[in-house]
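The values are calculated or read from the model by the stated rules, or taken from the named source; none is laboratory data. For clarity, every value in this text was computed on a predicted model and none was experimentally measured. Quick reminder, even Gly has a Cβ in these numbers, built from the backbone with ideal geometry, and neighbours come from all protein chains shown.
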Protein chains: 2
Amino acid sequence: MSFEPDADAAHLREELLSRTPVFEGRLLHAYRDEVRLPDGRTAGREIVHHRGAVAVVPVAPDGRVVLVRQWRHAVERALWEIPAGTRDRGEEDPSGTARRELEEETGYTADRWRFLGQACVSPGYSRELLWFYLAEGLHEGTAATDPDETIDVRLFSPGEVVHLLQAGATDCKTLAGLAMAGRLAQVAGSEVP
Amino acid sequence: MSFEPDADAAHLREELLSRTPVFEGRLLHAYRDEVRLPDGRTAGREIVHHRGAVAVVPVAPDGRVVLVRQWRHAVERALWEIPAGTRDRGEEDPSGTARRELEEETGYTADRWRFLGQACVSPGYSRELLWFYLAEGLHEGTAATDPDETIDVRLFSPGEVVHLLQAGATDCKTLAGLAMAGRLAQVAGSEVP
């Protein structure tokens, strides 16, 4: 393919001049950066640090997908999502994180793994990058969640996932992952007058 | 459909006890919350505030999709994304934001609009909610970007989008939006040993 995503991006590039920590929380780390714009002027950028994460699309033999539900305090609701987790510091191979997260959150293990691709999560302010994996040949087992973690596990058909989308009960990584695995139906939507 | 996304989530629900601002930036606002867990214990949660955003999937008559490229300092690369923008404070109708963002970023206007659904962006730590719209019947025009904003505009086929995914040159909202509009091909991926 002749198309190169990064080609000819020099006219867009911003150069980091300085970085100042503005919040060092337990999980959240925020910085205020100063950058040089392509036209030579400077500008401020506020960003959230993230070590990166992996997401797993576990597809059962009948084509349904294993989703997990947990409370998401930031959005004040419970969401159904594909299993996912932050990469450990120093963890070299994201596929190892993927295997661990699938088993810990759902109890399932998988015979076959495929790497689907990589995408940014919220690039306007977050460094978070997400590695996507497809897991097939599933074997049921026992989840190993932390004592303070409550997670529901359920199989979803593509039609039920559209229902989640309409109810605002899932997230972009789940829709993106299911789509890559061919498990998301086209959405008819509703006409806007 | 019998499935209700929010049904039976009481065993997951966390209750907000207190909220403390920890960073008030120009765009980024972070809080440390204390919550009561379902088992009665308390826990801390660090979250980033967000007013919510809209994303537009602009589909041309030949089936290609209009994407925009801009520098994303947080991830130190230029990304190709569907047009999107944060909702203005007090802006009632997200479809109005969608029309404005499409025209400002790409110059295109659209005859037909459909609301596709709503999804969280990074629910582990961000309040960001995203409204998705499909725009069809496109008319080319002139973009109205700010003087300090540099944005590239280009039409992409579904195959070219898979190439973006493999290069880590797009984001989850773009993949999710294209999938909803039926413009994302299933991804074969590569086997993990």
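In the range A:181-193, the residues that are on the phi < 0 side of the Ramachandran plot and within 7 Å of another protein chain (Cβ to nearest Cβ) form Cβ pairs under 6 Å with partners that are crowded, with 17+ Cβ neighbours inside 10 Å and of a type in the set (Lys, Arg), at six or more places apart or across chains, as follows: A:191/B:114.
Looking at A:121, A:75, which is the one that is within 10 Å of chain B (Cβ to nearest Cβ), aliphatic (A, V, I, L, M) and more than 27 Å from residue B:162 (Cβ to Cβ)?
Details: A:121 fails: more than 27 Å from residue B:162 (Cβ to Cβ).
Going through A:121, A:75 in turn, just one is within 10 Å of chain B (Cβ to nearest Cβ), aliphatic (A, V, I, L, M) and more than 27 Å from residue B:162 (Cβ to Cβ): A:75.
Put simply, of A:13, A:89 the only residue that is more than 30 Å from residue B:11 (Cβ to Cβ), part of a loop (DSSP other than H, G, I, E, B) and away from every other protein chain (no Cβ under 11 Å) is A:89. Considering only residues that are in contact (Cβ under 8 Å) with a residue 12 or more places away in the chain and either surrounded by fewer than 23 Cβ atoms within 10 Å (Cβ to Cβ) or not β-branched (Val, Ile, Thr) (or both), which ones fall in the range B:73-87? Within the range B:73-87, B:77, B:78, B:79, B:80, B:81, B:83, B:84, B:85, B:86, B:87 meet the criteria. Exactly one residue out of B:128, B:149, B:104, B:140 is out of contact with any His (no Cβ under 6 Å at 6 or more places or on another chain) and within 11 Å of chain A (Cβ to nearest Cβ): that is B:149.
Take the residues of the range B:144-170 that are in a strand (DSSP E or B) and not hydrophobic (A, V, I, L, M, F, W, C): which is nearest to residue A:186 (Cα to Cα)?
Our first condition is that a residue be in a strand (DSSP E or B); within the range B:144-170, this holds for B:152-156.
Those still in the list that are not hydrophobic (A, V, I, L, M, F, W, C) too: B:152, B:154.
Details: B:152: 27, B:154: 23 Å.
So, considering only residues that are in a strand (DSSP E or B) and not hydrophobic (A, V, I, L, M, F, W, C), the one nearest to residue A:186 (Cα to Cα) is B:154.
Can you name the residue in the range B:119-143 that is part of a strand (DSSP E or B) and hydroxyl-bearing (Ser, Thr, Tyr) and, of all such residues, is surrounded by the fewest Cβ atoms within 10 Å (Cβ to Cβ)?
B:126
Within the set A:26, A:36, A:100, A:32, the sole residue that is closer than 23 Å to residue A:118 by Cβ, without any contact (Cβ under 8 Å) to a residue 40 or more places away in the chain and of a type outside the set (Asp, Glu) turns out to be A:100. Right, residue B:165: at pLDDT below 95, surrounded by 22 or more Cβ atoms within 10 Å (Cβ to Cβ) and within 7 Å of another protein chain (Cβ to nearest Cβ) or not? Criteria met by residue B:165.
Tell me, please, whether a residue that is assigned to a strand (DSSP E or B), touching a Phe, Trp or Tyr at 6+ places or on another chain (Cβ under 7 Å) and more than 25 Å from residue A:32 (Cα to Cα) can be found in the range B:106-113. Yes, there is a match, as at least one residue in the range B:106-113 is assigned to a strand (DSSP E or B), touching a Phe, Trp or Tyr at 6+ places or on another chain (Cβ under 7 Å) and more than 25 Å from residue A:32 (Cα to Cα). Looking for something within 30 Å of residue A:144 (Cβ to Cβ), among the hydrophobic types (A, V, I, L, M, F, W, C) and modelled with pLDDT under 95 - is there at least one such residue anywhere in the range A:82-90? No, the range A:82-90 contains no residue that is within 30 Å of residue A:144 (Cβ to Cβ), among the hydrophobic types (A, V, I, L, M, F, W, C) and modelled with pLDDT under 95. Only residues that are closer than 22 Å to residue A:114 by Cβ and assigned to a loop (DSSP other than H, G, I, E, B) were counted in the range A:171-190, giving 5.
Among the residues of the range B:22-40, what is the count of those that are acidic (Asp, Glu), surrounded by fewer than 16 Cβ atoms within 10 Å (Cβ to Cβ) and facing chain A (nearest Cβ under 7 Å)? Before you say what the answer is, go through the steps one by one.
If we filter the range B:22-40 for residues that are acidic (Asp, Glu), which is where we start, we get B:24, B:33-34, B:39.
Keeping just the survivors that are surrounded by fewer than 16 Cβ atoms within 10 Å (Cβ to Cβ) gives B:24, B:34, B:39.
Add one more test, that the residue is facing chain A (nearest Cβ under 7 Å), and what stays is none.
Looking only at that region, the number is 0.
Does residue A:46 satisfy being outside any strand (DSSP E or B), in contact with a strand residue (DSSP E or B) (Cβ under 9 Å, 6 or more places away or on another chain) and acidic (Asp, Glu)?
Numbers: outside any strand (DSSP E or B): no; in contact with a strand residue (DSSP E or B) (Cβ under 9 Å, 6 or more places away or on another chain): yes; acidic (Asp, Glu): yes.
Considered against the rule, which asks whether it is outside any strand (DSSP E or B), in contact with a strand residue (DSSP E or B) (Cβ under 9 Å, 6 or more places away or on another chain) and acidic (Asp, Glu), residue A:46 comes out as no.
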